[in-house]
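The values are calculated or read from the model by the stated rules, or taken from the named source; none is laboratory data. As the structure is a computational prediction, the values presented were derived from the model and not from experiment. For neighbour counting, all protein chains shown are included, and Cβ atoms are generated from backbone atoms with ideal geometry for every residue, glycine included. What goes into the accessible areas is simple: the full protein's heavy atoms, side chains included, and nothing from ligands, DNA or RNA. Shrake-Rupley method; radii C 1.70, N 1.55, O 1.52, S 1.80 Å.
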Amino acid sequence: MINTAESNHQKQKIWVMANSVKLKGNLVIPKQAQGVVVFGHDNNSSCFSPYNQYVAQTLQQSGIATLLIDLLTVEEAELERQTKQLRFDLGLLAERLLSSTQWLRQNPNTQHLKIGYFGASTDSAAALLAAADCPDAVSAIISCGGRPDLAGSALTRVEAPTLLIVGGEDFPDLEMNRKAFSYLQGKKEIVMIPEATHLSEEAGALDEVARLASQWFNRYLDPSN
């Protein structure tokens, strides 16, 4: 487990207005943060998942601020659990990611920081759509075990350096990630974690994801670049 030095981290529960709804988020800013990464979630409980918390804490330890935010309201999240449909409303999720990004650009504590996105599953496609629509706002992206292929033709408009992480034994997702990778035009990498299927399940896979995320975001969110 990661032991967070409380004295060096500013923690804040926030609300972001996205059109007529309020989105709940948790913002953590380490002392002398080098950038900020948004973890967007398409259901109301995933913001608190051990997987995302672990990756976020690793980033915080390396000097990167994190915003974990629920892109659906409580009512929408309940509807999503029943229908499994809102996770595929990528336009809605991307729009709300951009509202969160705009909040960070206006907040006095984060407006000077470069912004990155970390997405899993369909959230990765929403992150890529948002980055394509607002390229000047996003400096780095990671899709982890995600469905970046669902971003479709928007992939060709993504300018931010993009890292795709996928399990080497997760054959369906591996093929879809390779397809998405071929459409990306900017700086890009694809990393396959050997012997891993779904990246949250195999021993050591989560540690490797956190290491790769820290390395990628520290490289591309560095204010000196």
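See the values below:
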read-out: Alpha-carbon Rg/Rh ratio, for region 104-225, with Rh computed the Kirkwood way; value: 0.98
read-out: Cross-link partners of Lys188 among lysines (Cα-Cα below 30 Å; sequence separation of 8 or more within a chain); value: Lys31, Lys114, Lys179
read-out: Heavy-atom accessible surface of the chain: percent carbon and sulfur, 1.4 Å; value: 50 percent
read-out: Helix-derived mean residue ellipticity, 222 nm - over the chain, DSSP H n ≥ 4, -39500 (n - 2.57), to 500; value: -11500 deg cm²/dmol
read-out: Calculated FRET efficiency for the pair His112/Glu195, C-beta based, R₀ 30 Å, to 0.05; value: 0.15
read-out: Gain on full stretching of the segment that runs from Arg178 to Thr156 - 0.36 nm per residue minus C-alpha separation; value: 6.5 nm
read-out: Contact order normalised by residue count of the chain, Cα under 8 Å, 6+ apart, percent; value: 18 percent
read-out: Counted charge near Ala180, where neighbours are those whose Cβ lies closer than 9 Å (Asp, Glu -1; Lys, Arg +1); value: +2
read-out: Probe 1.4 Å, protein heavy atoms only - accessible area per residue of region 120-160 in square angstrom; value: 28 Å²
read-out: Average projected area [Cα convex hull, the chain], square nanometres; value: 11.4 nm²
